[in-house]
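Heads up: the structure comes next, in structure tokens.
Please treat every number below as a calculation from the coordinates, not as lab data. This one's a predicted model, so the numbers in the text were calculated from it and none came from an experiment. So basically every Cβ, Gly included, is an ideal-geometry build from the backbone, and we count neighbours across all protein chains shown.
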Amino acid sequence: MPKHSTSARPTGLRGGWLLVAAGLAASVVLALTTTGTVSAYTASISNTTNTANTVSIEMTQGPDASTVACRSTVTGTTTCSTDLYAGSNLRPGDTTRGTSTVIRNTGGVAASAFSLAPGVCNGTVSTPNSICYWLLVTVTWTTPSETTTVIAKQSAGAIGGKTFAISPAPAAGQGGTATVTVSLDPAAPNDSQAQTMNQSLVWTFTA
């Protein structure tokens with residue numbers, strides 16, 4: 001009788017793949033079930049008292065080192081009524097005595113800059129014969145180490161609206177003497193008489 005041949009299906013390979021798949025599935029399940037349960041060692045420092053504060057810079061002015069006539073504020077410029085020009089009854093060629101004022105840095109930090117800003121000269125006459133164009137202003141700054149000229153015989157009209165640097169700027173607790181001298185130009189014309197003027201002087205520390 002004729003013999004019929006039979007072939008066996010390979011089962012080993014299929015079985016291997018099934019085992020691998022089952023192992024992967026088990027790994028995923030295990031990973032999912034253990035997520036969030038792993039502990040770790042930590043160390044930390046919390047800085048809870050971090051602070052900051054601002055310093056203040058303050059200016060005082062007075063006729064001498066022991067007298068305070070005006071004191072600046074932290075909110076703005078203090079208006080001081082001290083008349084530093086004090087030029088009364090001037091005639092051509094007249095010079096007022098130097099009016100001195102002691103300016104001190106009474107704040108907690110050195111001034112990085114010091115400046116003088118004269119305001120616009122306001123005269124009773126606005127023509128070229130105004131006293132503003134014939135009144136000559138000189139300002140010096142004296143410290144224990146030196147004297148410097150801030151403004152040298154410039155007309156009140158010319159210096160108005162400008163800012164002049166003053167050196168050296170005072171350290172905390174230090175100061176100096178500002179001396180203001182005014183004179184009436186010898187060439188002042190006849191119709192410059194019987195006039196008046198006023199001009200502000202703003203002294204500023206910068207920290």
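Points to keep in mind about this one:
- Potential extension, residue 148-residue 190 segment - 0.36 nm per residue separation minus Cα distance: 11.7 nm
- At R0 = 22 Å, FRET efficiency that the Cβ-Cβ distance of residue 97 and residue 162 yields, to 0.05: 0.30
- Size of electric dipole in region 37-180: Cβ of Lys, Arg +1 and of Asp, Glu -1, about Cα centre, debye, nearest 20: 180 debye
- In plain terms, the chain from residue 73 to residue 174 could stretch by 34.6 nm, reckoned as 0.36 nm per residue minus the Cα-Cα distance.
- Cut-off 12 Å, label 7 Å out along Cα→Cβ of residue 113, residues of region 159-188 by amide N: 163-166
- Using the average count of surrounding beta-carbon atoms within 10 Å as a protection proxy, the listed peptides 55-63, 79-87, 38-46, 145-153 rank, highest first, as 55-63, 79-87, 145-153, 38-46.
- Which of 104, 71 has the fewest Cβ neighbours within 10 Å, and the rest in rising order: 71, 104
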